[in-house]
Amino acid sequence: MKETDKSADLSRLAMKRALSGSLLLTFRELWAMRLTQGIVAVSTLAWLLLSFAMNLDVVEGSISALKIFGVASVPDEMVKDVATGEWVRQAISVDKFVIGISSFVFGAAYFLGTLLGLFATMPLIGGFLEQGRIDLLISKPLTRSRLLTGHLLGVLLTVLALATYLILGVWVAISIKTGLWHPIMLLSIPLIVIMFGVMYSVILSVTIVSRSSGLALILTYGLIFISAILAAHDQLEKVLSPSAKLIYRIFYHVFPNFVEVVMIQSQLLSGEAVSSWYPLFSSILFGSVIYGLGYFWFNRRDF
Amino acid sequence: MSTPAITTQGLTKTYASAFGRKKIEALRGIDIEVAQGEIVGILGPNGAGKTTLLKILLGIVSPTSGSATLMGRPIGEVEARRKLGYLPENHRFPPYLTARQTLDIYGRLSHLSADYRAKHIPLLVEQAGLASWIDVRVGKFSKGMMQRLGLAQALLNDPDILVLDEPTDGVDPVGRREIRDRLRNLKARGKTILINSHLLTEIELICDRVAIMNFGQIVRSGSVSEISTEGTGWRIQCRNLPNALDLSSYNAKREDLNTVPVPVPVPVPEKEIDTGQVSQDEVNLDPNVEKVIILDSGLTETLNALIDYLRANGINILSVERHRRSLEAGFLDIIDQQKAKS
Ligand SMILES: Nc1ncnc2c1ncn2[C@@H]1O[C@H](COP(=O)(O)OP(=O)(O)OP(=O)(O)O)[C@@H](O)[C@H]1O
Ligand SMILES: [Mg+2]
């Protein structure tokens, strides 16, 4: 091996070590905050409930009996009879049942998980940037970008692990019960991680610039609230004046479409074609720009 | 000649406040050079810019202008920080980590191998006097213990340059002595140490050189003995000082020279007395014993006049040297002079 190759290898190894240090720091903090344990416990409860407390009888693709904790109920729906044109009560199809449960689990994980996750990580980023800690970290032989990446990667990997644990567990439980294996449901995992990442960009970058993680959290929640308004564009645009509509449009394109992304997931789950991937892509773009600004500031700021 | 460990050329730093209204000139042109193996102390009142200077060297704060090098490499280069140890002022470690976990993580950040970490961490913790605390969460540590752990962290990668911002802050006297001994030990191994402290007695004990900062500038630098003898008078050691040396006649004789301060002989044990006439009983000294007279004027003219006088009175002069005061007294003098100037 040539000398230069060797030293390049060595420095790559060294960089890996430095990154692992920064990752480990984040993992340890998340663990110490008991956040991960809490989510794991709730997830475990969710899929234990689905696997053991719920009994399903499936007859010809419909659910003929559903027992939860031994209490029986038959989930039904109103269906228009094709022959008579009348509405009749009918046992729900397994497909719909699966979609219903999956959507519920996804929705809960997406909204509750993200809101709570952002709230819980607020002290994490605050601690990371605290005087007396960040200065020591920066004095270590790794670039500031790598240091920040270690932190970010630590957070995102944790979210990925937690989302996978919950969704995969629920998916396996439901699939075994119903005999229906819809792998498309697993797409919820990357969707949750990506959108968490988009919202985390705000909390990270605003904290870096303003040194206030409280302000950052308020802004992030504000953006989620705005995205709920932006999700109703079909209804709202009809009633807005032209100038208000323009502002609304700008907001729609600039800000993350956190709430509208839920649509993508429910379309995916029900097997419909996804009408538009735009909310997801524009959110990713938003997140990338905000991360870019955050990294830029982190690199040039005095600590 | 080997590369200097630390150099800075014309470093300035102006902090702009959030809205750019108020600007703080924390550093205004700092030039220093620290040779390898030196222990240099940086002294100065609060807000003088000491921490800012150290932070610039470590790449934590970027200079407004000027440049600096560590072991010949420009600051800001990642490689320049590889063999560096740093103990920040008021450092914090994540409270939920144990001492061992803390050092392990910081060791990784310094690129240390798993073997190295496993071997050296318990050793350093023991040297820091925290052996029985190694698996205790840092949140339970007292201030002095945190400081000891901080120092262990700074030494973990066996650094060539050690930058310490108030390392003995909160450490008990025994711990402070241990730290001093370790720093001397490191110096003996050729390490360079830049240390920033308000405890001048400590600085005096370990530093080769000191630089005194005030308002973002280095107002004086030199060896500890240079600083502590600067502007002081003389110390005259003599024998056969008569019991009743008539200094009043000497005082009277000097009165024609108004510009020259009156020398004040002080009986052993040494003590400094304000300039003024000396009464007879104060110089009521034992003959045939070695005595020290401290002249608080630094003027050679006065010294020579006194020597003439002593010699004329048959007194044996054994030695004449600059009177040494404590570093603290020297420091306070220099800062007072600065205040008077501005
Ligand atoms: N991040 C910052 N933003 C704005 N001003 C700062 C910042 N850090 C330091 N200063 C200012 O720069 C000046 C020098 O501060 P520095 O911390 O370097 O002083 P110091 O000599 O270390 O003081 P001390 O002995 O109290 O530790 C002070 O006036 C301080 O207010
Ligand atoms: Mg300071």
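The values are calculated or read from the model by the stated rules, or taken from the named source; none is laboratory data. Because the structure is predicted, anything quoted here is derived from the model rather than measured. Cβ sites come from the backbone with ideal geometry, for glycine too, and all protein chains shown count toward neighbours. To get the accessible areas, we keep the full protein, side chains included, count just its heavy atoms, and leave off ligands, DNA and RNA. Shrake-Rupley method; radii C 1.70, N 1.55, O 1.52, S 1.80 Å.
Side notes on the structure shown:
- Condition met for B:G44 (within 14 Å of chain A (Cβ to nearest Cβ), near ligand 1 (Cβ under 9 Å from one of its atoms), touching a residue at least 24 places away in the same chain (Cβ under 8 Å) and closer than 23 Å to B:L199 by Cα): no
- Against the conditions (1) open to solvent by less than 30 Å² (accessible area, probe 1.4 Å); (2) more than 13 Å from ligand 1 (Cβ to nearest atom); (3) small (G, A, S), B:G72 satisfies every one except (1).
- Those helices (runs of 4 or more DSSP H) lying entirely in region A:99-217 with at least 2 residues open to solvent by 30 Å² or more (accessible area, probe 1.4 Å) and either of a type outside the set (S, T, N, Q) or under 30 Å from B:E79 (Cα atoms) (or both): A:144-178, A:188-210
- When the test is whether a residue is more than 14 Å from chain A (Cβ to nearest Cβ), of a type in the set (S, T, Y) and more than 30 Å from the chain's Cα centre (by Cα), B:S132 passes it.
- Hits in region B:107-129 - residues which are within 10 Å of another protein chain (Cβ to nearest Cβ) and within 30 Å of the chain's Cα centre (by Cα): B:G107, B:S110
- The residue that is least open to solvent (accessible area, probe 1.4 Å), among those in region A:270-286 that are out of contact with any Phe, Trp or Tyr (no Cβ under 9 Å at 6 or more places or on another chain), in a helix (DSSP H, G or I) and in contact (Cβ under 8 Å) with a residue 60 or more places away in the chain, is A:L280.
- Tally of residues being assigned to a loop (DSSP other than H, G, I, E, B) and surrounded by fewer than 22 Cβ atoms within 10 Å (Cβ to Cβ) across region B:92-129: 8
- Test: residue in region B:140-147 that is under 24 Å from A:A18 (Cβ atoms) and within 13 Å of another protein chain (Cβ to nearest Cβ): yes
- Residue within region B:20-28 that is open to solvent by less than 70 Å² (accessible area, probe 1.4 Å) and modelled with pLDDT of 90 or more present: yes
- Residue that is nearest to A:L118 (Cα to Cα) [pool: residues in region A:17-43 that are of a type outside the set (S, T, N, Q), open to solvent by less than 30 Å² (accessible area, probe 1.4 Å) and within 8 Å of chain B (Cβ to nearest Cβ)]: A:E29
- Top-ranked residue of region B:12-42 - restricted to ones that are within 16 Å of ligand 2 (Cβ to nearest atom) and in contact with a helix residue (DSSP H, G or I) (Cβ under 9 Å, 6 or more places away or on another chain), ranked as farthest from B:P63 (Cα to Cα): B:G41
- Condition check for B:Q147: under 23 Å from A:Q131 (Cα atoms) and within 16 Å of ligand 1 (Cβ to nearest atom): yes
- Of all the numbered requirements in (1) without any contact (Cβ under 8 Å) to a residue 60 or more places away in the chain; (2) in contact with a strand residue (DSSP E or B) (Cβ under 9 Å, 6 or more places away or on another chain); (3) open to solvent by 10 Å² or more (accessible area, probe 1.4 Å), B:G37 misses one, and that requirement is (1).
- Whenever a residue of region A:105-117 is at positive phi, it has no partner that is open to solvent by 20 Å² or more (accessible area, probe 1.4 Å) lying with C-beta atoms less than 9 angstrom away and at least six residues away or across chains.
- Residue tally, condition within 16 Å of ligand 2 (Cβ to nearest atom), open to solvent by 20 Å² or more (accessible area, probe 1.4 Å) and in a loop (DSSP other than H, G, I, E, B), over region B:50-69: 0
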